[in-house]
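The values are calculated or read from the model by the stated rules, or taken from the named source; none is laboratory data. None of the values given here were measured: they were computed from a predicted structure. Using ideal geometry, Cβ is built from the backbone for each residue, glycine included, and neighbour counts are taken over all protein chains shown.
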Amino acid sequence: MKCDRPLPFLFPTHPRSDQDALGEAIRESVRMLDKSEKPIVIGDVELIRFKLQKEFAGFLDKTGFPYVTMMLGKTLLSEHHPQFIASLRETEPQLCTEPCRVRRLHFAAWSADDRF
């Protein structure tokens, strides 16, 4: 029996962002941040998974916002970073909500396998 030589592996292409939806998400985020008195940014493991640590650090540097990580995102940036507050368990984000007048901005990148 003779088999055909396999074709080269083709990596799937990443879908492009819907520019209208992305623009609206950015505008809504800016509106939320403008209303916040003490914003705290939450970074999570998906930023590591998609290699977005530099972009996240740049955002923090530009805004000066403090940040927390969830336990899986603990290695996102150094815990010696001057804006780092804490690593939270999955049940603790409620510590950063309305009673203390803090708005949360959760940074994460989502992938299809998160839905299954």
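How many residues, within the range 71-91, are in contact (Cβ under 8 Å) with a residue 24 or more places away in the chain, in a loop (DSSP other than H, G, I, E, B) and more than 16 Å from Gln53 (Cα to Cα)?
0
For the range 13-30, what are the residues that are part of a loop (DSSP other than H, G, I, E, B) and touching a residue at least 12 places away in the same chain (Cβ under 8 Å)? Walk me through how you get there before you give the answer.
So in the range 13-30, the residues part of a loop (DSSP other than H, G, I, E, B) come out as 13-18.
Within the range 13-30, no residue meets the criteria.
For the range 9-19, give me each residue that is within 20 Å of the chain's Cα centre (by Cα) and either surrounded by 10 or more Cβ atoms within 10 Å (Cβ to Cβ) or of a type outside the set (Lys, Arg) (or both).
Let us first name the residues in the range 9-19 that are within 20 Å of the chain's Cα centre (by Cα), namely 14-19.
Within the range 9-19, His14, Pro15, Ser17, Asp18, Gln19 qualify.
Of everything in the range 56-114 that's of a type in the set (Lys, Arg) and surrounded by fewer than 13 Cβ atoms within 10 Å (Cβ to Cβ), which residue is modelled with the lowest pLDDT? First the steps, then the outcome.
Pass one, the range 56-114, residues of a type in the set (Lys, Arg): 62, 74, 89, 101, 103-104.
Checking which are surrounded by fewer than 13 Cβ atoms within 10 Å (Cβ to Cβ) leaves us with 62, 89, 101.
On the way: Lys62: 93, Arg89: 75, Arg101: 45.
Checking each candidate, the answer is Arg101.
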